[in-house]
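The values are calculated or read from the model by the stated rules, or taken from the named source; none is laboratory data. In this text, all values refer to a predicted model and were calculated from it rather than measured experimentally. Note that we place each Cβ from the backbone using ideal geometry, even for glycine, and neighbour counts take in every protein chain shown.
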Amino acid sequence: MGRSTHARRRERGQELVEFALILPLLLLLMVGIFEFGYVVFAYNTLSNAVREGARYGSVKPDVEADIITTARRLTTGLDQSKLDPDVNPDAWTVEVDGGRISVSVEYEHTPFTGFIFAPLGLDTLPLRAASSMGVE
């Protein structure tokens, strides 16, 4: 048998209240997924850039500016003013045939959900990537 019309009338706004209680949690979860995805994108971009810079530096280790330019070229999609590339200066003092070159970069990622994480002290998230290859 079905419910009485009196019981259905009493529960009329129940779904709306439940949805209003769950909606903020669902939105926070979705925003967190997007933020995490962008952090992974930024880290992968940095990792690929330093790998390419180290590869270029292993072939032509004499020009630090060209190594940094090669690495920076692959960091599209990131704020260029927050990139701090570094080519290991020790690579210039070792033997050309037995040395290694290291390229690293640091990036301060500013979350687009900063208003959520600012009270926790997470205004920026430091990302660092490094790569090292033998000089040919």
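Matching residues to (1) surrounded by fewer than 13 Cβ atoms within 10 Å (Cβ to Cβ); (2) part of a strand (DSSP E or B); (3) modelled with pLDDT of 85 or more:
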position: Leu46; (1), (2), (3): no, no, yes
position: Glu52; (1), (2), (3): no, no, yes
position: Arg55; (1), (2), (3): no, no, yes
position: Thr70; (1), (2), (3): no, no, no
position: Glu108; (1), (2), (3): no, yes, yes
position: Phe112; (1), (2), (3): yes, no, no
position: Ala118; (1), (2), (3): yes, no, no
position: Pro126; (1), (2), (3): yes, yes, yes
position: Ser132; (1), (2), (3): no, yes, no
Hits in region 99-125 (condition: among the acidic types (Asp, Glu) and farther than 30 Å from Lys60 by Cβ): Asp123
